[in-house]
Structure formats: C-alpha cells, structure tokens
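Visitor: This structure is in structure tokens; I'll ask about it shortly.
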Amino acid sequence: MPRTPRPIRLSELAAFLEVPLGSEGTVEIAGFASLMEAKRDELVFVRDPSLALMLEASAAEIVLAPHGVDVGHRAVLRSDQPAHDFSRLMEAFAPRWRPVEGIAEGAHVDATAVIDATASVEAGARIGPHCRVGARTVIAANATLVANVEVGDDGWIHSNVVLREDSLVGDRVVLQPGVVIGGDGFGYVPDAAGRPTAMAHRGRVVLEDDVEIGANTTVDRATLDETRIHRGAKIDNHVQIAHNCDIGEDVLIVAQCGLSGGTIVGDRAILMARSCTTGHLRIGAGAFLGANTGVIRDVPDGAKMFGTPAQEERGWHRMVASLKRLPELLKRVRRLERILDAKNPEDD
C-alpha cells in the first residue's frame, strides 16, 4: 500500500482538496489503501452507499466519501468525486518513485539532441539526432527516440517504448512499456508482377497533451500527412491505431481494439474492448461501441452500437432476444412440418 513520507493531518488533505472539515483536522494518515486491506491509519474511499457493508468490515478509521454516505464513527473527508480526489491525494502526498534528473551513465544521447536539464534519461535509453526532451520528462531504460522526435514537458516514456522518426509528443504524455509510435502502416500496393510491395510511409504521428497509451499498443505513422491522437485521449493496452487515423479529444479506447487506416473518432467517444473498424469511416462524437463491435459504416454522433456488423442498440437487443428463441421456434417448425406431411402424404 502506498505510504506517505510523513504523517499527514486531515486538515492538510482538506486544504489541498479545498473541502470543508469538521473537528477532525488533527487526525493523521500514514498512507492510502483499499477498503479490505487498510490499516487503521490509512485513508480509504467509497464511491456510493452500495459499499457501506465493505466499509463497515474495514479496519480503516479515516475515509473519503460522498455527502450522504454514512461512515459511522470514522473521521471523514467529504467529496463529490471521491475516486478522483483519492487519486489526486495519492499523487500529491505519496508520489511514485522517479529517477534522478540528468542523463545517466550508460544512456546513449546523440550530440545534436537537446535534453532539458530537469529531464531524466535512464541507462540504456537511446536518443537519436535532433531529438528534444522537455522539462521533468522521464525517458526510461531501453526507450528509443529514433530521430527528430520531440517530447514535451512532464511526460513519462517507459521502458522499451519506440518513438520513430519525426514523432511529435505533447506535454504530460504517458507511454507505457512496449508502445510503438510511428511504425510504418500496413499498406501494400502491387508491383508490375502483381506482388505486394510496401507503400512508402513519409507521414508522422502527433500525440497531443495529456494523452496516455497502454502497454504494447501501436500507433502507425501516416502514409502522408499525419496520424493524430488529440488532447486527453486514453488508449488501453494492445490496441492498434493504423495510418492516418484521427482520434478525438478525451476518447477512451479499451484493450484489443483495432482501427483501420483513415478512421476518424469524434471527441469523447468510447470504444470498448475488441471493437474494430474497416477503414476510412467516422465514429461520431460521444458515440459508444460495445465490446466486440465491428463497424463497417459511419456511426452518428451519440449513437450506441453493438454487434458485428454494428447496429443500433435497440435493434441489437431485439436480435439477441430473438436468437434466444431460435431453439423453440425450430421445434415448432418441425412439428408443423410433421403435421403438414401427415395431412399431405406424397404420392408414390
């Protein structure tokens, strides 16, 4: 469980969150924990009254909870967004380990690269010609910036990430281990003999501010122009974003999704696990794709789509309900066939 470097008074937490506090300000926490694993002096949170029984069974004596949730005898901080505020408190008062500033011995940095003095470059990292790394950004062990790559401030490029040439990465971007940005897309054209030949890819990838990308996800460079992930988009592990895609602001893309080339995803759309698209179509702003949805045509703004091929939510529910009745309907059809055969025997 994350422990604080020193005891923290509840009054200090309340001041950080800018929330009111009663007479419990001198109560101190020593860390943060889940309901079931907490010690008496660790802060826990509950989202809603449905967790009351778990809270009652918890050893925790200090809780972050919404207004109206009964916490019994416990010291309490009230919050309208307890999960978010709990995360904010951990970031502020139990910060994660980070490497020391500067370029570590064993890092490979080209003489033409520009690295901010407050950045951290770990041993084994490789930073190629004409790259730039911003303030307080971490380039972890064995990460590679190939050439002409720019990474903004306060980012974290984890181990074994590859940023291919010309990639542009904004501020506060997090790339988890194994992410590949700017690999050539899967584009082939027939040569004179009809054999598939790789199409030249000379575009780039742009990741705007506050983008986060999960482990082993790939974002391909554009054939020409750019593949762009807009501000605040969050992409899970094992996702494939093909060449020339355009992913809108605050989009959520869950694990194992695959977007073919030229797919446009509108702002705040949500793509659940294993959703996929054919190329050169648009998923509207605020749209929702259920798990395993296969999209073959444009999706309107705000639409909720399910199934393969994708269909509107109400129609999909009707279809699923009908599928459940198929065994019964087949039995009825067979009975009717037997009745008809008995009434109309075939002539010899």
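Visitor: Exposure proxy check: VAL71, VAL320, VAL179, VAL100 ranked by fewest other beta carbons within 10 Å?
Guide: Values: VAL71 20, VAL320 11, VAL179 24, VAL100 7.
Listing VAL71, VAL320, VAL179, VAL100 from fewest to most nearby Cβ atoms yields VAL100, VAL320, VAL71, VAL179.
Visitor: From the Cα gyration tensor of segment 3-93, with a ≥ b ≥ c the square roots of its eigenvalues, which class applies: rounded if a/c is under 1.5, or else prolate if a/b is larger than b/c, or else oblate?
Guide: Note, shape of segment 3-93 comes out rounded.
Visitor: Right, next: If I stretch the segment between VAL100 and GLN81 completely, what's the gain in nm (0.36 nm per residue apart, minus their alpha carbon distance), one decimal? Display every interim value, and only then the final one.
Guide: Details: separation 19, 0.36 × 19 = 6.84 nm, distance 3.31 nm.
Gain in length upon complete extension: 3.5 nm.
Visitor: Among MET272, MET36, MET199, rank each residue by its count of other Cβ atoms within 10 Å, from fewest to most, as a rough exposure measure.
Guide: Numbers: MET272 19, MET36 11, MET199 15.
Ordered by Cβ neighbours within 10 Å, fewest first: MET36, MET199, MET272.
Visitor: I've got another one for you. Please work out how much length the chain gains when fully extended from ALA135 to ARG3, using 0.36 nm per residue of separation minus the C-alpha to C-alpha distance, in nm with one decimal. Please list the in-between numbers first.
Guide: On the way: separation 132, 0.36 × 132 = 47.52 nm, distance 2.70 nm.
Result: 44.8 nm gained on full extension.
Visitor: For a quick protection proxy, order the peptides 324-336, 156-168, 306-318 by their average other-Cβ count within 10 Å, most packed first. If you can, show how the numbers build up before the last one.
Guide: Details: 324-336: 9.7, 156-168: 21.4, 306-318: 14.9.
Output ranking for 324-336, 156-168, 306-318: 156-168, 306-318, 324-336.
Visitor: If the reach is capped at under 24 angstrom between alpha carbons, list the lysines near LYS304, excluding any in the same chain fewer than eight residues apart.
Guide: Output for LYS304: LYS234, LYS324.
Visitor: Please report the Cα spread of the chain along all three principal axes, rounded to whole Å, starting with the longest.
Guide: 97, 69, 31
Visitor: Follow-up. When the C-alpha atoms of segment 93-166 are aligned to their principal axes, what extent does each axis show, in angstrom, from largest down?
Guide: Its Cα atoms span 37, 21, 19 Å along the three principal axes.
Each value in this text was obtained by applying a stated rule to the coordinates, not by laboratory testing. Here the structure is a predicted model, which is why all the values come from computation and not from measurement. Glycine gets a Cβ as well: all are built from the backbone with ideal geometry, and neighbour counts include every protein chain shown.
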